[in-house]
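Every number here is computed from the coordinates shown, using simple stated rules; none is lab data. Owing to the predicted nature of the structure, the values given are computational and were not obtained by experimental measurement. Using ideal geometry, Cβ is built from the backbone for each residue, glycine included, and neighbour counts are taken over all protein chains shown.
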């Protein structure tokens with residue numbers, strides 16, 4: 001199979017070719033690897049090889065609904081037995097997985113051919129992908145810019161055509177942010193539909209869900225059909241819908257009432273982010289839906305503080321666990337990670353419990369919104385994809401962060417207003433995505449807009465618990481009216 005042929009198919013199309021014996025799984029894998037060799041040096045999306053893929057495609061090849069489709073897993077919470085899962089950290093470079101994650105098992109059972117692992121920021125803690133361990137991933141549409149994070153390597157790989165879909169996970173926007181940056185479809189599912197485990201069962205207090213980034217909606221629907229399901233050790237179970245997602249997208253949704261807003265109490269959105277939402281609102285109205293501008297049903301700054309309070313505590317636990325389990329030292333972690341961990345340690349249990357109490361308030365406000373509106377439409381990003389290095393912490397502050405961590409100076413850090421500063425700096429360009437994680441609701445980013453500079457800039461639709469199929473239905477409508485998969489970056 002030639003690479004130019006390979007690029008014309010999504011995962012569903014490739015699976016059909018293999019099933020019809022028009023190509024073999026080995027031929028498709030060879031095309032994926034050829035594409036990776038050509039473009040990965042420029043985007044740094046793949047950071048580890050999985051040679052077991054050759055065994056998968058040998059003989060009669062794999063079986064399953066996506067048999068023979070090349071695939072990549074994220075180097076975070078998507079463990080592949082016998083290979084390290086580094087979480088983008090020097091502290092875990094020798095942490096070899098003793099078994100597959102639930103996600104990886106499901107992917108292999110579906111016939112996906114996993115031949116590599118994708119780049120991620122250390123512990124997935126940023127909306128960019130620039131770990132010190134592997135270096136930055138870059139956006140295929142413009143390599144001066146970020147592909148987002150924390151599933152940035154996966155987003156870049158799919159956008160560049162290395163694979164039609166790749167593994168991702170989302171604890172605060174980490175599927176939707178790279179989808180928006182790279183011109184892809186990114187669904188963060190209802191909590192419990194794709195559980196973590198068995199290595200990490202309830203990461204960040206249930207914020208994190210497994211998933212994929214894809215070029216087409218039908219791939220997202222089919223892959224979630226294949227990958228979702230209950231697991232015996234899962235902490236949270238979400239009921240499967242009566243119809244499959246693939247069946248759902250074959251029908252039109254009812255006429256929906258959709259409220260849209262681009263306002264944020266953290267930062268003023270870029271004019272192009274506002275334009276993206278207004279453009280999507282017009283498209284949805286043309287599709288027959290009732291679309292109205294509304295006030296944001298939550299305070300982004302308040303929600304951001306609650307989100308980071310819980311996230312910081314989780315970071316402190318991750319650092320402590322790595323030290324205890326594999327003997328990691330402070331020098332094995334990035335300075336930013338140590339600073340965040342120290343803020344979490346110093347915050348104490350009362351701050352975390354108050355943040356959890358506030359989650360109920362966010363759920364209540366969102367529930368009240370959904371008494372009137374079926375879906376909430378916002379930008380996915382408040383700004384176009386940032387430039388690589390734009391959020392780098394100055395060296396002097398990195399040194400100070402390491403010192404303050406060493407002397408347990410978290411209270412001093414908090415007294416300086418660092419938490420609010422981190423909310424503004426790290427969530428200021430992505431203030432819309434944490435709501436779905438904090439409340440457990442589904443949300444999808446779809447690439448309906450391009451900036452004047454040619455960069456993708458996605459819009460986000462959020463729904464009620466169990467509305468995953470509805471979000472995919474609306475995404476299908478938008479895809480038909482604005483066919484994005486026909487566009488390719490010029491690498």
| request: Give, in nm to one decimal, the length gained when the segment between residue 330 and residue 407 is fully stretched (0.36 nm per residue of separation minus the Cα-Cα distance). | output: 26.5 nm
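Under Stokes-Einstein, with the Kirkwood radius over Cα pairs standing in for Rh, what whole-number D in µm²/s applies to the stretch 420-475 at 4 °C and 1.567 mPa s? Before the final figure, lay out the partial values.
Working: Rh = 12.8 Å.
Rounded to a whole number, D works out at 101 µm²/s.
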| remark: Semi-axes in Å, largest first, for the stretch 271-427 (Cα gyration tensor, √(5λ)) are 37, 20, 13
| task | With 10 Å bins from zero, work out the P(r) of the stretch 13-111 over every alpha carbon pair and list the percent per bin. | result | 15, 42, 35, 8, 1
| note | One finds the C-alpha centres of the stretch 345-410 and the stretch 64-134 to be spaced, in Å, by 25 Å
| said: Calculate the FRET efficiency for residue 233 and residue 354 from the Cβ-Cβ distance with a Förster distance of 30 Å, rounded to the nearest 0.05. | reply: 0.55
| task | Please report the orientation-averaged projected area of the stretch 104-156, defined via the convex hull of its C-alpha atoms, in nm². | result | 4.3 nm²
| Contour minus end-to-end for residue 243 and residue 257, with contour as 0.36 nm per residue of separation and end-to-end as the Cα-Cα distance? | 2.8 nm
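Would you mind getting me the FRET efficiency between residue 93 and residue 400? Use the beta-carbon distance for r and R0 = 22 Å, nearest 0.05. Working shown, then result.
Details: r = 26 Å, r/R0 = 1.19.
Between residue 93 and residue 400 the formula returns 0.25.
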| remark: Expressed in angstrom and rounded, the centroid-to-centroid distance over alpha carbons for the stretch 289-344 and the stretch 179-216 is 16 Å
| Per-pair calculated FRET efficiency, R0 = 35 Å: residue 453 and residue 24 via Cβ, rounded to 0.05 | 0.30
| task | Quickly estimate the mean residue ellipticity at 222 nm for the chain, helices only: each DSSP H run with n ≥ 4 gives -39500 (n - 2.57), and the total goes over all residues, rounded to 500. | result | -13000 deg cm²/dmol
| What nm value, rounded to one decimal, do you get for the distance between residue 279 and residue 364 when each label is placed 7 Å out toward the C-beta? | 3.9 nm
| task | Can you work out the PRE-style zone for residue 58? Point 7 Å along Cα to Cβ, and I want the residues of the stretch 16-48 with backbone N under 17 Å. | result | 25-27, 29-30
| remark: Rounded to one decimal in nm, the spacing of the 7 Å Cα→Cβ label points at residue 425 and residue 372 is 3.8 nm
| query | Given labels modelled 7 Å from the Cα in the Cβ direction, how far is it in nm from residue 391 to residue 481? | reply | 3.1 nm
| note | Relative contact order of the chain (C-alpha contacts under 8 Å, at least 6 apart) in percent is 17 percent
